[in-house]
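For reference, the structure discussed in these notes is given below.
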Amino acid sequence: MIKGFKEFILRGNVIDLAVAVVIGAAFTAIVNAMVQGLINPLIGFLFQIGDLSDLDVTIPTLFGGESTFQFGAILVAVINFLAVAAIVYFVFVFPMNRWKARAAAKAGVQGEAEEPSLPTEQELLVQIRDLLERQPRG
């Protein structure tokens, strides 16, 4: 049982995943700081509010109280997500895809081999008809 656990932990993909989670957490802190310190004040300036997370709407409830919808907090979360996704794509995914394409071109591989085209439905029906015509009638 310990041997199986050791093999599982020492697999390359498990270690890579652990490193990615740690780096992702640290990177998220950087992006959150950029959004909180740069993007939120700019958007807050446009909406003439101090902090984007302060953007909310308070409405009266049926029984005399108030209910607050915090649109700013949702907007901040969406902006954080889009910022993280954009940075991950343009900093990691896009350059890696270009690097792989260049490496494949350098190796002489110009993409995947083409699959043979499958016959159309009409061609299959013609083949079935021809086979049925060749069969002896009994």
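The values are calculated or read from the model by the stated rules, or taken from the named source; none is laboratory data. Computed from a prediction, not measured in an experiment: that's the story for all the values here. Every residue, glycine as well, gets a Cβ built from its backbone with ideal geometry; the counts of neighbours run over all protein chains shown.
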Matching residues in segment 82-104 - criterion: being of a type in the set (F, W, Y) and surrounded by 11 or more Cβ atoms within 10 Å (Cβ to Cβ): Y89, F92, F94
Going through segment 6-41 in order, the residues found to be at pLDDT 75 or above and aromatic (F, W, Y) are F27
Output the residue which, of all residues in segment 22-57 that are among the polar types (S, T, N, Q) and surrounded by 10 or more Cβ atoms within 10 Å (Cβ to Cβ), is farthest from F90 (Cα to Cα). S53
Would you mind stating whether I87 is within 22 Å of T28 (Cα to Cα) and not acidic (D, E)? yes
Counting only residues that are farther than 30 Å from F81 by Cβ and touching a residue at least 12 places away in the same chain (Cβ under 8 Å), how many does segment 1-31 have? 0
Here is a list of conditions, (1) at pLDDT 75 or above; (2) part of a loop (DSSP other than H, G, I, E, B), and Q110 meets all of them except one; can you say which number that is? (1)
In segment 51-67, which residues are within 32 Å of the chain's Cα centre (by Cα) and free of Cβ contacts under 8 Å to residues at least 24 places away in the same chain? D51, S53, D54, L55, D56, V57
Would you say L82 is farther than 24 Å from P41 by Cα, at pLDDT 80 or above and aliphatic (A, V, I, L, M)? no
Only one residue in F47, F81, F69, F63 is within 30 Å of G24 (Cβ to Cβ) and among the aromatic types (F, W, Y), so which one is that? F81
